[in-house]
Amino acid sequence: MNRCCAKLFVLAVTTLLALAVTTASANPVLQALLEEYQLIGAGPFSSKAGQMLWSHEVNGRSCTSCHSASARAGGKHNRTGKTIKPMAPSAYAQRMTDRKKTEKWFLRNCRWTFSRECTPQEKGDLLSWLNQQ
Ligand code: HEC
């Protein structure tokens, strides 16, 4: 390879790598949700707190009753037995890509699990943790 083409080759590889990194971390819906929660006073978010909440048990119920303790593993609905895809975007890219769906399930699942809604702080913590898995 002569000098001109070697340079082009390096440029192409660098561009591809940059693209791959951006694609892996960019989830505009998830980022927008975090910003939305911050606008109403939540944050900074802690993925550690998110992980603790994920396995926090109230009256024998926790998020892991249906999802797995590991967000990268699939889950199983504790009543219907239906399988649930992994919750981490790194394991299932469609996670948290539809704002309405994410908020709907947060509402429903927090109510079922904790008998109350999750706060914007808790949802931000949970999303931060899920996004880092
Ligand atoms: C009774 C079973 C059950 C429990 C307990 C449960 N979930 Fe879920 N969850 C589901 C089902 C079913 C779906 C929808 C199916 C899917 O998206 O794969 C879902 C979807 C979600 C979604 C939507 C993800 C997306 O793609 O946008 C979020 C967020 C979520 N759950 C968070 C939680 C949190 C946080 C807890 C604990 C407070 C929890 N879930 C507890 C069953 C459950």
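Data for the structure
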quantity	calculated
GluC sites (Glu not before Pro) restricted to DSSP loop in region 74-133 with at most 14 other C-beta within 10 Å	E117
Cysteines not pairable in the chain (beta carbon separation under 4.7 Å absent)	C4, C5, C63, C66
Zero-based 5 Å bins, Cα pair distances in region 27-132, whole percents	2, 13, 22, 29, 22, 9, 2, 0
5 angstrom amide H check on I84, placed H, neighbours 5+ away	G75, K76, H77
Total charge dipole magnitude, the chain, about the Cα centre, Cβ charges on Lys, Arg, Asp, Glu only, Debye to nearest 20	500
Under Karplus coefficients 6.51, -1.76 and 1.60, residue-wise ³J(HN,Hα) of region 124-129 in Hz, glycine/proline x	x, 4, 4, 5, 4, 5
Candidates T119, T102, T80, ranked by Gaussian network fluctuation over the chain, Cα under 10 Å, top entry	T80
Region 89-100 - phi-based ³J(HN,Hα) in whole Hz, Karplus 6.51/-1.76/1.60, Gly and Pro as x	x, 5, 9, 8, 4, 6, 4, 6, 10, 9, 3, 4
Residue-wise HN-Hα coupling along region 53-60, computed from phi with Karplus coefficients 6.51, -1.76, 1.60 (Hz; x: Gly, Pro)	5, 4, 9, 5, 9, 10, 6, x
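Values quoted throughout were computed directly from the atomic coordinates according to the rules given, and no laboratory measurement underlies them. These numbers were taken from a predicted model, which means no experiment stands behind them. Here the Cβ is made from the backbone with ideal geometry for all residues, glycine too, and neighbour counts use every protein chain on show.
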